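Asks: Next up is a structure, given as structure tokens.
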Amino acid sequence: MPSTGLFLITLLTLSCLSTVISKQQKQALAQSYVQTIKHRNLVHNYNNNKTSSNETQVLQNTTNIVKLLADMVQSRLHDAVNLLELTSVDPEVKNTPFVGAISKAYMGIPSNMDIQKRTIAKDILNRDKDFGSVYFTTPKGDSYIGEPYANQKQLPRLNYADRDWYKGVTSTNNTYISSVFMSASIHAPATAIAVPVYSNVTAVGNTTKSHLSGYWVGILDLRNISESIKKLDLNQNERILVVDHTGTPIINLHGGLQNTTNTMTRMPTESIKSVLAGKSGSKIETINGTNILTSFQPLNAGTHKWGVVLVNSYH
């Protein structure tokens with residue numbers, strides 16, 4: 001159990017952020033803290049019960065762990081979306097006074113321009129370590145600013161209108177969470193959260209119109225969640241997958257990877273199909289003539305269904 005002092009420090013931290021974070025955001029942060037404590041306790045119980053010969057208990061343990069991991073991933077995504085949406089309405093984010101200075105030499109604008117927007121992007125990175133980079137792009141998908149600036153300047157190209165996050169946010173005109181992709185910014189598999197940003201509403205006659213300034217984009221790689229999952233101390237017959245809405249693994253952790261059989265490295269396609277259809281449960285799949293036991297739990301990732309799948313060998 002966490003100490004009272006740690007709990008009070010957490011509450012004090014949330015209180016100090018009250019000037020910039022909404023009540024709903026503080027509640028989300030508090031819920032994330034509670035989920036972390038639950039995760040620690042369940043990891044402890046899970047690892048202690050591994051040697052149990054009670055098949056029912058083992059199945060219940062795996063069901064509990066996939067439910068908690070799905071809650072954790074969903075909570076992390078929810079917090080990241082809230083932070084981007086909250087900051088997207090800041091006037092400093094809405095305005096793009098230096099759009100004419102966009103250049104391939106900087107893959108956006110120079111580091112000494114639009115300091116206010118850069119400061120907000122840096123603050124997001126400091127608050128949520130799941131973010132690897134934060135960008136503002138033009139409506140056409142050109143990079144305007146990126147933080148860290150070093151990530152912006154090393155981009156291989158200026159325009160990213162071919163990305164899933166861009167196609168999604170432009171087609172839905174709403175916050176969009178992308179499928180996993182190899183990020184040109186952080187050079188690792190990532191997912192992106194894109195939020196449309198509109199300038200101040202302008203009245204034209206009797207009509208009200210808003211102007212699309214661009215997109216506020218966070219590059220998310222979920223490394224912290226992956227590190228949390230590693231604490232489960234998987235054995236060589238266990239594997240945990242977190243898959244996006246296309247069935248592509250965002251997290252793919254094996255126990256005893258060096259001894260993992262070919263069967264354990266193949267995808268449990270039937271379980272993935274089930275979890276992406278919004279179903280939870282367990283099933284036995286046969287891969288190359290070998291039975292495996294899976295437990296799976298769906299989670300909401302914006303408008304998409306993602307899922308967590310725990311794979312065990314089955315004898």
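Values quoted throughout were computed directly from the atomic coordinates according to the rules given, and no laboratory measurement underlies them. Since this is a predicted model, take the numbers as computed values, not measurements. Counting neighbours? That spans all protein chains shown, and the Cβs are built from the backbone with ideal geometry, glycine included.
Asks: With 23 Å as the limit, write out which pairs from 140/209; 67/279; 167/305; 209/305 have Cα-Cα distances beyond it, or answer none.
Replies: Details: 140/209 19 Å; 67/279 12 Å; 167/305 18 Å; 209/305 33 Å.
Listed pairs above 23 Å: 209/305.
Asks: If you take all C-alpha pairs in the stretch 89-224, what percent of them are over 25 Å apart? Spell out each step's value before the answer.
Replies: Details: 1930 of 9180 pairs.
Pairs farther apart than 25 Å: 21 percent.
Asks: A further question follows. Enumerate the calculated ³J(HN,Hα) couplings along the stretch 182-193 in order (Karplus 6.51 cos²θ - 1.76 cosθ + 1.60, θ = phi - 60°), each rounded to whole Hz, writing x wherever the residue is Gly or Pro.
Replies: Here the 3J(HN,Hα) series is 7, 6, 6, 8, 9, 6, 7, x, 8, 10, 10, 10 Hz.
Asks: Could you compute the net charge surrounding residue 216? Neighbours are other residues with a C-beta less than 10 Å from the C-beta of residue 216; K and R count +1, D and E count -1.
Replies: Values: positive: 94, 117; negative: 85, 90.
Net charge around residue 216: 0.
Asks: Here's another thing I want to ask about it. Within the set of other residues whose C-beta is less than 11 Å from the C-beta of residue 198, count the net charge using Lys and Arg as +1 and Asp and Glu as -1.
Replies: Within the 11 Å Cβ shell, the charges total +2.
Asks: Tell me, what HN-Hα J-couplings in whole Hz come from the Karplus equation 6.51 cos²θ - 1.76 cosθ + 1.60 at θ = phi - 60° for each residue of the stretch 232-248, using x for Gly and Pro?
Replies: Running phi through 6.51 cos²θ - 1.76 cosθ + 1.60 with θ = phi - 60° gives 5, 6, 5, 8, 5, 9, 10, 8, 10, 10, 10, 10, 7, 5, 9, x, 7 Hz.
Asks: Mind listing the phi-derived Karplus ³J(HN,Hα) values for the stretch 297-308, rounded to whole Hz, using 6.51, -1.76 and 1.60 with θ = phi - 60°, and x for any glycine or proline?
Replies: Per-residue couplings from phi come out as 8, x, 8, 8, 10, x, 8, 9, 9, 10, x, 10 Hz.
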